[in-house]
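Below: one structure, written as structure tokens.
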Amino acid sequence: MPTSANSLAENRTCGEADRPQKWSKLHGDKETMDDHTEKRDYIELRPNVITVEEYLKLRRLVGWKTLSREQAQRALDHSLYTLGAYVADQPIGMGRIVGDGAVICYVQDLIIPPAAQGIGVGSLILEALKSYVESLRIEGTEMMLDLMCAKGREQFYLGHGFTARPTETLGPGMILYLTDPPAKNAQNEPG
Ligand SMILES: CC(C)(COP(=O)(O)OP(=O)(O)OC[C@H]1O[C@@H](n2cnc3c(N)ncnc32)[C@H](O)[C@@H]1OP(=O)(O)O)[C@@H](O)C(=O)NCCC(=O)NCCS
């Protein structure tokens, strides 16, 4: 059951001193942690503070394409909203929202590094992102919240209310990668 960001924030009221220590244990050996609720109580969700270094590091930890610093910075700057999950000031996950804030928004870069997966952090961030988009929605109108699902993550998103396309009435999502033209083939070089 997803936990709201607010209730997590409220839970962070005592025992601050030993939290980093507990998390390092968790971080080093995920299997030793048996109480997911307790683990989630250590997490703080922070809007619009994730740094380009944190973003690049989280992407690296899940093996995603390397972005240039400039590209990553612009992506963060142009996001409607970013959300970082932190334990003892260390980022353990992120997600962001891009879009027009009225008709359509997209969930982008929902990233939980392997050491923190499976304990509810992704759900926590996704539910908070959904709440943020709902807060933008103009009353009486419909907002679309979309995402491009990574291979094998369908069940996770289905569990959070998303529909997998195509359906009987909806076509598939589509994509076009815009890149530099391919480098000239050596055979085409003069000489
Ligand atoms: C996919 C991802 C965001 C899920 O976050 P998470 O914190 O590991 O997931 P949670 O712990 O919140 O899991 C919530 C539920 O989804 C399920 N789930 C999580 N990842 C899943 C997966 N890959 N396949 C199927 N189910 C999954 C969990 O079993 C759990 O189910 P339960 O509530 O019935 O126990 C995370 O694994 C991740 O960042 N992966 C690498 C990057 C990535 O692929 N991001 C998504 C891009 S579209």
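The values are calculated or read from the model by the stated rules, or taken from the named source; none is laboratory data. This structure is a prediction, so every number in the text was calculated from the model and none was measured. Because the Cβ atoms are built from the backbone with ideal geometry, glycine has one as well, and the counts that use them run over all protein chains shown.
Looking only at residues of segment 101-137 that are β-branched (Val, Ile, Thr) and part of a strand (DSSP E or B), we find that the one that is surrounded by the most Cβ atoms within 10 Å (Cβ to Cβ) is ILE111. Within segment 118-138, the residues that satisfy the criterion of being near the ligand (Cβ under 7 Å from one of its atoms) and touching a His at 6+ places or on another chain (Cβ under 6 Å) are ILE119, GLY120. When each of LEU67, LEU56 is tested for being in contact with a Lys or Arg (Cβ under 8 Å, 6 or more places away or on another chain), at pLDDT 95 or above and assigned to a loop (DSSP other than H, G, I, E, B), the lone residue that passes is LEU67. A search for C-beta distances below 6 Å between a residue of segment 98-114 that is farther than 19 Å from ASN48 by Cβ and away from the ligand (no atom under 14 Å from the Cβ) and any residue that is of a type outside the set (Val, Ile, Thr) and modelled with pLDDT of 95 or more, counting only pairs 6+ apart in sequence or on different chains, returns ILE104/MET144. Screening ALA115, ALA164, ALA183 for residues that are modelled with pLDDT under 95 and either polar (S, T, N, Q) or more than 18 Å from THR82 (Cβ to Cβ) (or both) leaves exactly one candidate, ALA183. Please go through segment 162-174 and pick out each residue that is out of contact with any Lys or Arg (no Cβ under 9 Å at 6 or more places or on another chain) and within 19 Å of ILE97 (Cβ to Cβ). If the condition is that a residue be out of contact with any Lys or Arg (no Cβ under 9 Å at 6 or more places or on another chain) and within 19 Å of ILE97 (Cβ to Cβ), then PHE162, THR163 are the ones that fit.
Taken over segment 131-165, the residue count meeting the criterion of being of a type in the set (S, T, N, Q) and within 13 Å of LEU110 (Cβ to Cβ) is 0. Filtering segment 139-161 to residues that are part of a loop (DSSP other than H, G, I, E, B), within 16 Å of the ligand (Cβ to nearest atom) and closer than 16 Å to VAL98 by Cβ leaves MET148, CYS149. Taken over segment 81-100, the criterion of being crowded, with 18+ Cβ neighbours inside 10 Å and not β-branched (Val, Ile, Thr) is satisfied by TYR81, LEU83, GLY84, ALA85, TYR86, PRO91, GLY93, MET94, GLY95, ARG96, GLY99.
Cβ-Cβ below 6 Å, separation at least six or inter-chain, first residue in segment 151-167 and under 21 Å from GLU127 (Cβ atoms), second part of a loop (DSSP other than H, G, I, E, B) and not aliphatic (A, V, I, L, M): which pairs? Final answer for the pair search is TYR157/CYS149.
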